[in-house]
């Protein structure tokens, strides 16, 4: 890792901590993003084959392009998404809990925390953290996800 990469990772960790994530959660988000990125690369395939899902059961298999065989593989995408949901839920609960005091009784709208957007295209980052207000009124997160925080 060179100096530029180290500075980028430090800025990313600082940004995530400023949103209320702990240093351990920030590192876990980075690792989840790397896991998902590699998974989506393998779904697109490489020279040796690629990951395919059984349409009936949803289980992933490695398709070997040389032999034509399919062999079961661990579903790393499912595990990463499960860990991601826990981290986001914990952060939202921890950050939003003090806000749910007396002020929440006077509030007319729901209290919103951060959300995630998963980009399945392997040409970029796989995980984006979407803050309240990142998506303008009348738009969907699919068209505005790059306004969020890119985790890579």
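The values are calculated or read from the model by the stated rules, or taken from the named source; none is laboratory data. Quick caveat: nothing in here was measured; it's all calculated off a predicted structure. With ideal geometry, Cβ positions are generated from the backbone for all residues, glycine too; neighbour counts draw on all protein chains shown.
Hey, does region 56-66 have a residue that's without any contact (Cβ under 8 Å) to a residue 12 or more places away in the chain, out of contact with any helix residue (DSSP H, G or I) (no Cβ under 9 Å at 6 or more places or on another chain) and either surrounded by 15 or more Cβ atoms within 10 Å (Cβ to Cβ) or part of a helix (DSSP H, G or I) (or both)? Taking every residue of region 56-66 in turn, none turns out to be without any contact (Cβ under 8 Å) to a residue 12 or more places away in the chain, out of contact with any helix residue (DSSP H, G or I) (no Cβ under 9 Å at 6 or more places or on another chain) and either surrounded by 15 or more Cβ atoms within 10 Å (Cβ to Cβ) or part of a helix (DSSP H, G or I) (or both).
For residues that are surrounded by fewer than 11 Cβ atoms within 10 Å (Cβ to Cβ) and at pLDDT 95 or above, scanning just region 68-78, find the one that is farthest from residue 119 (Cα to Cα). Across region 68-78, the extreme among qualifying residues is 71. The residues of region 109-118 that are in contact with a helix residue (DSSP H, G or I) (Cβ under 7 Å, 6 or more places away or on another chain) and in a loop (DSSP other than H, G, I, E, B), listed by number, are 111, 113, 114. If you go through region 1-48 and pick out every residue that is part of a loop (DSSP other than H, G, I, E, B) and in contact with a helix residue (DSSP H, G or I) (Cβ under 9 Å, 6 or more places away or on another chain), you end up with 5.
Does residue 81 satisfy the criteria of being at pLDDT below 95 and either at positive phi or surrounded by 12 or more Cβ atoms within 10 Å (Cβ to Cβ) (or both)? Spelling it out, it is not the case that residue 81 is at pLDDT below 95 and either at positive phi or surrounded by 12 or more Cβ atoms within 10 Å (Cβ to Cβ) (or both). Inclusion of residue 51 among residues that are outside any helix (DSSP H, G or I), surrounded by 14 or more Cβ atoms within 10 Å (Cβ to Cβ) and touching a helix residue (DSSP H, G or I) at 6+ places or on another chain (Cβ under 6 Å) is warranted.
Please count how many residues of region 129-152 are in a loop (DSSP other than H, G, I, E, B), within 13 Å of residue 115 (Cα to Cα) and under 15 Å from the mean Cα position of the chain (by Cα). Summing the residues that are in a loop (DSSP other than H, G, I, E, B), within 13 Å of residue 115 (Cα to Cα) and under 15 Å from the mean Cα position of the chain (by Cα) in region 129-152 gives 2.
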